[in-house]
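The values are calculated or read from the model by the stated rules, or taken from the named source; none is laboratory data. The structure presented is a predicted model; accordingly, all values stated were derived computationally and were not measured. Note that we place each Cβ from the backbone using ideal geometry, even for glycine, and neighbour counts take in every protein chain shown. Keep in mind that these areas ignore ligands, DNA and RNA; they rest on the heavy atoms of the full protein, side chains included. Shrake-Rupley method; radii C 1.70, N 1.55, O 1.52, S 1.80 Å.
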Amino acid sequence: MRILFVDDDPDTRALAIRALVQEFPEAVTPEASDLASLDAALREGAPAILISDYDLRWTDGFKVFDRVKAAAPECCAVMFTGTGNEELAVRAMKHGFDDYVVKGTTQLRRLATSARVSVERAGERKRLSENRDLILRELYHRLHNNLQIVISLLRLTEKALATEEDRQQLADLGRRIQALSALQEVFYRSEDLRRVDFGAFLDGLAENLVGIAGGRVVLDRRLESTTIPVDVAVPLGLIANELITNALKHGFPNGRAGRLSVGLEAGDGRLVLTVADDGVGFERGMTAAGPGGLGMRLVQRLVAQVDGELRFERAEVGTRCLISLPL
């Protein structure tokens, strides 16, 4: 265990180190009295505990905290200072310090106890987080498997339907559920269970849907690797599925060949999804709100759910749809 002590006063550092070593006998105790020695200590290894004064000649304890946390995010931190009051203590806790201890020889035992409690709490938080992640991963996996069962049942039912219209509607429902299933697979395989690389998911989704079209449509992809929260990825994944499916179905009727472009880019605090084709273009009477079928009504609701904007554009050849939403 590395315990980093940041203080201008060498006598204070020596007393604090003695108290902490009694609590953590195997600890390594690097010291920092200026920016150069702080950076040198961080290069040597990530500390498990930071003990920092607030009022330093070359900086303050909050800036030290930020610098140390950038290098060691899981580091515990205790402010040990003789400067300050209740207001500073509250500010320190809000900033992220685990505790605030007023300097003094009678407070050294409390400093050591505070460091011990901070480490134990950090360990408990880590264990709880790992357990939550394990449960969440298992839930994602089971949901993915259950969706696969639903898809199989839909396909069996589809074969038994009498009319082509009914079979088509059930097939469309199956494709929507398949898109959800693919997202769930990405979720439980991801290291971060709360965010997902949507560019990677969109790449696989577009390739799969174009592949189903039988190779008559060429796919162009311009996809940035963009990580977004799961609760945004789900509706956006369904939106992408509807737009690509709609382009393939209505832009290239009767076996028509062509080109489909799918783009994803982030900038200026917004994420922009683009689906464009060089197919037959807008139907007569269609507005910039897009077609009025069930799929597009679903898209419009999902776009509203993510506080996005939906726009259809008439191109010289084909159709271009843009979805813009805040990051």
Exercise. Where residues in the range 57-82 are open to solvent by less than 10 Å² (accessible area, probe 1.4 Å) and part of a loop (DSSP other than H, G, I, E, B), which of them is farthest from ARG125 (Cα to Cα)?
Worked result: ALA72
Exercise. Taking the range 101-123 only, how many residues are out of contact with any Phe, Trp or Tyr (no Cβ under 7 Å at 6 or more places or on another chain), under 17 Å from ASP11 (Cβ atoms) and not aliphatic (A, V, I, L, M)?
Worked result: 4
For this session: Specify which of the listed residues (PHE97, PHE5, PHE24, PHE80) is within 33 Å of the chain's Cα centre (by Cα) and of a type in the set (Phe, Trp, Tyr).
Result: PHE97
For this session: Just need a number here: residues in the range 102-120 that are without any contact (Cβ under 8 Å) to a residue 40 or more places away in the chain and either loosely packed, with under 14 Cβ neighbours inside 10 Å or closer than 13 Å to CYS76 by Cβ (or both).
Result: 5
For this session: Hey, can you tell me all the residues within the range 154-182 that are among the hydrophobic types (A, V, I, L, M, F, W, C) and within 28 Å of PHE198 (Cα to Cα)?
Result: LEU154, LEU170, ALA171, LEU173, ILE177, ALA179, LEU180, ALA182
Exercise. Among (1) open to solvent by 70 Å² or more (accessible area, probe 1.4 Å); (2) under 30 Å from ILE49 (Cα atoms); (3) modelled with pLDDT under 85, which single condition is LYS159 missing?
Worked result: (2)
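With THR287, THR319, THR274 as the choices, which residue is at pLDDT 90 or above, among the β-branched types (Val, Ile, Thr) and open to solvent by 10 Å² or more (accessible area, probe 1.4 Å)?
Only one candidate qualifies: THR274.
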Exercise. Is there a residue in the range 204-219 that is within 21 Å of the chain's Cα centre (by Cα), under 20 Å from LEU294 (Cβ atoms), open to solvent by less than 70 Å² (accessible area, probe 1.4 Å) and not aliphatic (A, V, I, L, M)?
Worked result: no
Problem set entry | Output for the range 89-98, where each listed residue is out of contact with any helix residue (DSSP H, G or I) (no Cβ under 9 Å at 6 or more places or on another chain) and open to solvent by less than 80 Å² (accessible area, probe 1.4 Å) | ALA89, VAL90
Seminar exercise, completed: Picking from GLY308, GLY281, GLY258, the residue that is modelled with pLDDT of 90 or more and either surrounded by fewer than 19 Cβ atoms within 10 Å (Cβ to Cβ) or under 20 Å from GLY199 (Cα atoms) (or both) would be GLY308
For this session: Just give me the residues in the range 23-44 being small (Gly, Ala, Ser), surrounded by 16 or more Cβ atoms within 10 Å (Cβ to Cβ) and out of contact with any strand residue (DSSP E or B) (no Cβ under 6 Å at 6 or more places or on another chain), in sequence order.
Result: SER33
Problem set entry | Cβ pairs under 9 Å, 6+ apart, first in the range 183-210 and outside any helix (DSSP H, G or I), second open to solvent by less than 40 Å² (accessible area, probe 1.4 Å) and of a type in the set (Ser, Thr, Tyr) | SER190/TYR140; LEU193/TYR140; VAL196/SER190; ASP197/SER190; ASP197/THR226
